[in-house]
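Take a look at the structure below.
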Amino acid sequence: MIDGTQTTLFFHLEPIAEEDVYAPIIDFLIDGETIFAAFQTVRDQLVFTNKRIVFANKQGLTGKKIDYSSIPYGKIQAFFVETSGTFDRDVDFDILMSAFKNPMKFRIKKGFDVLKFTRMISEHIL
């Protein structure tokens, strides 16, 4: 489970295709729910749908045990974006949620269209 009460959560993300999303996450989706962005850390996945954010946190040595967290967009209070630059090609994206004490911080690898992504997030939280 994601615990936002202790420290700032920081994730290094690499965009992935929808077909690479873990099958159990797909099974979590309800009728009419669609994925618009998916990311991978070393073992974990973060998926943005048109209704919520879903985290899959693989645990243990084998990674067979998976902890899933679902956060509806209604819990987002604000988000912050720092676009890539000449030398720093990654994008920084922070989300402040009412359920968490500290913001969730994401660093997304180069080549990601963060402006299109923030438009999609805005459509669902405003």
request  = Apply 1/(1 + (r/R0)^6) to the Cβ-Cβ distance of Ala17 and Lys101, taking R0 = 35 Å, and write down the FRET efficiency to the nearest 0.05.
outcome  = 0.55
key: Percentage relative contact order, the chain, counting C-alpha pairs under 8 Å, at least six apart   = 27
remark   = In terms of the charge dipole of region 49-124, which places +1 on Lys and Arg and -1 on Asp and Glu at the beta carbon, the residue among Met97, Tyr73, Thr62 farthest towards the positive end is Thr62
task = Extending each Cα 7 Å along its Cβ direction at Lys65 and Glu33, get the distance between those two points in nm, one decimal.
result = 2.4
ask   = So what does His124 come to for accessible area, using a 1.4 Å probe and Å² rounded to 10?
value = 70
note = Note on region 36-79: the mean projected area of its alpha-carbon convex hull, in nm², is 3.6
inquiry  = For region 57-126 and region 12-39, what is the centre-to-centre distance using only Cα atoms, to the nearest Å?
reply    = 14
request  = Please identify, among Asp113, Asp94, Asp31, the residue showing maximal mean-square fluctuation in a Gaussian network model of the chain using a 10 angstrom Cα cutoff.
outcome  = Asp31
request  = Using only C-alpha positions, report the orientation-averaged shadow area of the convex hull of the chain, nm², one decimal.
outcome  = 8.1
key: Coil-residue trypsin sites (Lys or Arg not before Pro) of region 55-84, DSSP, other Cβ within 10 Å capped at 15   = Lys64
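The values are calculated or read from the model by the stated rules, or taken from the named source; none is laboratory data. What you are looking at is a predicted structure, and each value in this text was computed from that prediction instead of being measured. Glycine gets a Cβ as well: all are built from the backbone with ideal geometry, and neighbour counts include every protein chain shown. Just so you know, the surface numbers come from the protein's heavy atoms only, side chains and all, with ligands and any DNA or RNA stripped out. Shrake-Rupley method; radii C 1.70, N 1.55, O 1.52, S 1.80 Å.
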